[in-house]
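This report refers to the structure that appears directly beneath it.
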Amino acid sequence: MAYGGPPTSPDKPSPESAKLSESLVLVEFVADLFPDSGLRPPHPVKLARSRFFWVFFDNNVLDAFRAFLFGTGTPEALIEKLGELQALLPPVEEEKIHGGPFVVGRWSLGDAGVSPFLVRLPVILEWGLGKYTIAEGKKMLDGLKSPSLARLMKYIADTSARPSVRNTWDGVSSAV
């Protein structure tokens, strides 16, 4: 992404503009540009939890996600990592205490960074997109539907219901 400098064509950004990359950096940049967006939790502990959720996903779940998708990983490995991610979400019965169903209650940086992957996973599995076998895809989809990942699936459904997600992703999954 290029920011600042004189107006130019998007494919030829100005040398005077700042060039930024990496999702976490870009989402935090947007949160700084638009402080009223609510992306940056005002409480330091909630901000740290939000960042940790995203970093945990990047450092632990994303590799298992990619490995499964490209046929070098197993459904069991991805399900295990998704279970670890799920453990970072507030329990459903505490949503009112936390202020919502997302990682720190209300939508934040962590949710914005992780959601593109999670909302697409059921659709990827239903359509068989990837290099995994049909049997592995079914096993993975069954794993997502299992009671052990019920909280994560609720999180995916709550995320999918957000206007900001619905307006940019028209994928529909019967698994959510």
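The values are calculated or read from the model by the stated rules, or taken from the named source; none is laboratory data. Source: prediction; values computed, not measured. Counting neighbours? That spans all protein chains shown, and the Cβs are built from the backbone with ideal geometry, glycine included. Accessible surface areas use protein heavy atoms only, side chains included; no ligands, DNA or RNA. Shrake-Rupley method; radii C 1.70, N 1.55, O 1.52, S 1.80 Å.
Is there any pair with a first residue in the stretch 33-47 that is over 29 Å from Gly4 (Cβ atoms) and a second that is among the β-branched types (Val, Ile, Thr) and open to solvent by less than 70 Å² (accessible area, probe 1.4 Å) whose Cβ atoms are under 6 Å apart and which are 6 or more apart or on different chains, and what are they?
Lys46/Val104
Pull out all pairs, ordered by first then second residue, where Cβ-Cβ is under 6 Å, the residues are six or more apart or on different chains, the first lies in the stretch 131-158 and is closer than 18 Å to Ala64 by Cβ and open to solvent by 60 Å² or more (accessible area, probe 1.4 Å), and the second is part of a helix (DSSP H, G or I) and not hydroxyl-bearing (Ser, Thr, Tyr).
Lys139/Pro75
Under 20 Å from Ala48 (Cα atoms), in contact with a strand residue (DSSP E or B) (Cβ under 6 Å, 6 or more places away or on another chain) and surrounded by fewer than 21 Cβ atoms within 10 Å (Cβ to Cβ), is that true of Gly99?
Details: under 20 Å from Ala48 (Cα atoms): yes; in contact with a strand residue (DSSP E or B) (Cβ under 6 Å, 6 or more places away or on another chain): yes; surrounded by fewer than 21 Cβ atoms within 10 Å (Cβ to Cβ): yes.
When the stated conditions are applied, Gly99 passes them.
With the condition kept exactly as written, say whether any residue in the stretch 94-105 is under 18 Å from Gly38 (Cα atoms), of a type outside the set (Val, Ile, Thr), part of a helix (DSSP H, G or I) and under 15 Å from the mean Cα position of the chain (by Cα).
No, that holds for no residue.
For the stretch 83-114, how many residues meet the condition of being of a type outside the set (D, E, K, R), touching a residue at least 12 places away in the same chain (Cβ under 8 Å) and out of contact with any Lys or Arg (no Cβ under 8 Å at 6 or more places or on another chain)?
Number of matching residues: 7.
With the condition kept exactly as written, say whether any residue in the stretch 108-122 is in a helix (DSSP H, G or I), of a type in the set (S, T, N, Q) and either out of contact with any helix residue (DSSP H, G or I) (no Cβ under 6 Å at 6 or more places or on another chain) or surrounded by 15 or more Cβ atoms within 10 Å (Cβ to Cβ) (or both). Before you say what the answer is, go through the steps one by one.
Residues of the stretch 108-122 in a helix (DSSP H, G or I): 109-118, 121-122.
Among the residues that remain, those that are also of a type in the set (S, T, N, Q) are: 115.
Subsequent filtering for residues that are either out of contact with any helix residue (DSSP H, G or I) (no Cβ under 6 Å at 6 or more places or on another chain) or surrounded by 15 or more Cβ atoms within 10 Å (Cβ to Cβ) (or both) retains 115.
Yes, the stretch 108-122 contains at least one residue that is in a helix (DSSP H, G or I), of a type in the set (S, T, N, Q) and either out of contact with any helix residue (DSSP H, G or I) (no Cβ under 6 Å at 6 or more places or on another chain) or surrounded by 15 or more Cβ atoms within 10 Å (Cβ to Cβ) (or both).
How many residues does the stretch 44-55 hold that are open to solvent by 30 Å² or more (accessible area, probe 1.4 Å), within 20 Å of Lys81 (Cα to Cα) and hydrophobic (A, V, I, L, M, F, W, C)? Walk me through how you get there before you give the answer.
Keep residues of the stretch 44-55 that are open to solvent by 30 Å² or more (accessible area, probe 1.4 Å), which gives 44-46, 48-49, 51-52, 55.
From what is left, the residues that are within 20 Å of Lys81 (Cα to Cα) are 49, 51-52, 55.
Pick out the ones that are also hydrophobic (A, V, I, L, M, F, W, C) and you get 52, 55.
Selection size over the stretch 44-55: 2.
Given the structure, is Leu89 among the aliphatic types (A, V, I, L, M), in a loop (DSSP other than H, G, I, E, B) and either modelled with pLDDT of 90 or more or buried (at least 17 other Cβ atoms within 10 Å of the Cβ) (or both)?
Numbers: among the aliphatic types (A, V, I, L, M): yes; in a loop (DSSP other than H, G, I, E, B): yes; either modelled with pLDDT of 90 or more or buried (at least 17 other Cβ atoms within 10 Å of the Cβ) (or both): yes.
Against the criterion (among the aliphatic types (A, V, I, L, M), in a loop (DSSP other than H, G, I, E, B) and either modelled with pLDDT of 90 or more or buried (at least 17 other Cβ atoms within 10 Å of the Cβ) (or both)), Leu89 qualifies.
Would a scan of the stretch 166-173 turn up a residue that is outside any helix (DSSP H, G or I), closer than 28 Å to Val27 by Cα, of a type in the set (A, V, I, L, M) and at pLDDT below 90?
yes
Would you tally the residues in the stretch 1-53 being acidic (Asp, Glu), over 20 Å from Ser164 (Cβ atoms) and part of a helix (DSSP H, G or I)?
0
Just give me the residues in the stretch 61-75 being surrounded by fewer than 14 Cβ atoms within 10 Å (Cβ to Cβ) and not hydrophobic (A, V, I, L, M, F, W, C), in sequence order. Steps first, please.
Just the residues of the stretch 61-75 that are surrounded by fewer than 14 Cβ atoms within 10 Å (Cβ to Cβ), to begin with: 70-72.
Within the stretch 61-75, Gly71, Thr72 meet the criteria.
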